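Worksheet: the structure to be examined is printed underneath.
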Amino acid sequence: GAGVSQSPSNKVTEKGKDVELRCDPISGHTALYWYRQSLGQGLEFLIYFQGNSAPDKSGLPSDRFSAERTGGSVSTLTIQRTQQEDSAVYLCASSWDQGTAYEQYFGPGTRLTVT
Amino acid sequence: GQSLEQPSEVTAVEGAIVQINCTYQTSGFYGLSWYQQHDGGAPTFLSYNALDGLEETGRFSSFLSRSDSYGYLLLQELQMKDSASYFCAVRRNAGNMLTFGGGTRLMVKP
């Protein structure tokens with residue numbers, strides 16, 4: 001595809017359930033980022049992948065959050081035992097490589113609502 | 001730690017010029033990016049400054065002063081479609097991540 005795609009666009013889940021959010025970066029982009037954005041707030045960095053290197057997980061808020069990237073392309077963000085404070089828009093972005101981290105291309109996001 | 005400060009909200013009229021400031025405190029500063037986000041939309045890249053001075057891209061310009069830890073985004077000939085949130089983001093140590101500010105909501109009025 002031409003841009004970053006994310007699925008689902010919306011997810012409503014009950015507290016305590018696990019959710020998986022998917023990101024498909026721009027073809028050829030080796031760097032992939034996950035952010036979280038609460039209503040009216042800035043972007044909170046979660047995790048970063050660069051090629052086959054170990055991911056930078058420094059932004060993950062708790063051990064309930066994890067992410068993987070298969071084959072250097074598609075990434076999945078998993079939230080276990082969801083809590084109401086996890087409700088937010090989860091944004092994925094990609095860039096050509098870490099050298100172009102200043103110019104990231106964002107997907108439309110997944111709006112997660114935990115009831 | 002790191003911190004970025006932006007005004008939370010700015011209002012201007014169509015056709016005017018508006019400046020959105022961003023001050024930052026961070027170690028290993030490498031550059032400052034600006035992004036635009038319309039309500040319900042994804043952030044889109046506007047500009048990047050790694051060196052002091054002004055970068056111009058059409059109606060939008062971005063400025064950086066590394067010695068003052070300060071930058072701004074200048075929007076000229078404002079249009080209604082410029083109503084959006086604008087985020088500054090710091091890049092550290094030639095590295096691989098951006099730290100975003102809280103964003104400035106710009107409202108353009110007729």
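Values quoted throughout were computed directly from the atomic coordinates according to the rules given, and no laboratory measurement underlies them. Everything quoted here is computed from the prediction, not taken from an experiment. With ideal geometry, Cβ positions are generated from the backbone for all residues, glycine too; neighbour counts draw on all protein chains shown.
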Report summary line: Placing each pseudo-label 7 Å from Cα in the direction of the beta carbon, A:Trp96 and B:Gln79 end up separated by a distance in nanometres of 2.7 nm
Query raised in the report: Averaged over A:90-101, how many beta carbons belonging to a partner chain fall within 10 Å of each residue's beta carbon?
Result: 3
Report summary line: Per GNM of chain B with C-alpha springs under 10 angstrom, the most fluctuating residue out of B:Asp52, B:Asp82, B:Asp39 is B:Asp39
Requested in this report: Within the set of other residues whose C-beta is less than 12 Å from the C-beta of B:Tyr70, count the net charge using Lys and Arg as +1 and Asp and Glu as -1.
Outcome: -2
Report task. Just the number, please: Stokes-Einstein D of the stretch B:25-108 in µm²/s, Kirkwood Rh from C-alpha pairs, 25 °C, 0.890 mPa s. Result -> 185 µm²/s
Query raised in the report: Can you give me the Cα centroid spacing of the stretch B:69-92 and the stretch A:41-115 in angstrom?
Result: 24 Å
Report summary line: Computed over chain B, the relative contact order (Cα-Cα under 8 Å, seq sep at least six) in percent reads 36 percent
Query raised in the report: What is the mean number of Cβ atoms from other protein chains located within 10 Å of the Cβ atom of each residue in peptide A:102-111, rounded to a whole number?
Result: 5
Report summary line: Partner shielding of A:67-76, as the mean number of partner chain Cβ atoms within 10 Å, equals 0
Requested in this report: Highest first, please rank the peptides A:2-12, A:37-47 by the mean number of other Cβ atoms sitting within 10 Å of their residues.
Outcome: A:37-47, A:2-12
Query - Theoretical FRET efficiency, 1/(1+(r/R0)^6), r = Cβ-Cβ of A:Glu85 and A:Arg22, R0 25 Å, to 0.05 - result: 0.70
Query raised in the report: In nm², what is the average projected area of the convex hull enclosing the Cα atoms of the protein assembly as shown?
Result: 12.3 nm²
